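Novice: Quick one: the structure is below, and I'll ask about it shortly.
Bear in mind these aren't lab numbers, they're just calculated from the coordinates by the rules spelled out. Note that the structure is a prediction, hence the values are computed from the model and not measured. Here the Cβ positions follow ideal geometry from the backbone for every residue, glycine too, while neighbour counts run over all protein chains shown.
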Amino acid sequence: MNKRKTLAWLSLLGASCAVSPAGLAAPCAGTNINSTQTWTSSEVVKGVQVSILKFASVIVSDDPNAPFHLASGECVGSLLLGADGKATAGSGYCARKDKDGDTVHEEWTVSSPGKGTSKVASGTGKFANASWTYSWQHRPLHGPLAAVRWTGDCR
């Protein structure tokens, strides 16, 4: 009987160690507060513009204990705007630093007007092995400010 219990515990321990890192992903969510610093547009064909933008950004996680909570920095990107002025495509990068000086680097892509996906591309210190993916939705605020609500998996 004792050998059976030992074997059962060892099997359980072995199975728990075999879980892939993707299985360890944790749900995460928050809102980035962005402030547009520069925005330049050029009409490339009638009714279609290409815009280059730069904005300051602060991550506000729903979990104030998350390592990336209040990390701040800058983002750059380009957008393709339709005749209605809404982004139909675009992409860019963000580099943010936390209170300890560790950096997290993110890639973002616009998938439809006001919505997109992001992933962590690299980082330093505690973010060196980060692997986050999430979806986001852009919500314009007053003037140059925007709130970007995001949800996804962080590990």
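Novice: Mind checking the stretch 46-116 for trypsin sites (Lys or Arg not before Pro) that DSSP puts in a loop (not H, G, I, E or B) and that have at most 15 other Cβ atoms within 10 Å? Intermediate values should be presented prior to the final figure.
Specialist: Numbers: sites: Lys46, Lys54, Lys86, Arg96, Lys97, Lys99, Lys115; in loops: Lys46, Lys86, Lys99.
Taking the stretch 46-116 and a limit of 15 other Cβ atoms within 10 Å, the loop trypsin sites (Lys or Arg not before Pro) found are Lys46, Lys86, Lys99.
Novice: How big is the gap, in Å, between the Cα center of the stretch 93-126 and the Cα center of the stretch 34-78?
Specialist: Each part's Cα centre sits 10 Å from the other's.
Novice: Using just the alpha carbons, could you tell me how many Å³ per residue the convex hull of the stretch 26-154 encloses?
Specialist: Working: hull volume 12.2 nm³, N = 129.
Spread over its residues, the Cα hull of the stretch 26-154 gives 94 Å³ apiece.
Novice: Which value in nm describes the separation of the simple spin-label points at Arg149 and Ser41, placed 7 Å from the Cα toward the beta carbon?
Specialist: It is 2.5 nm.
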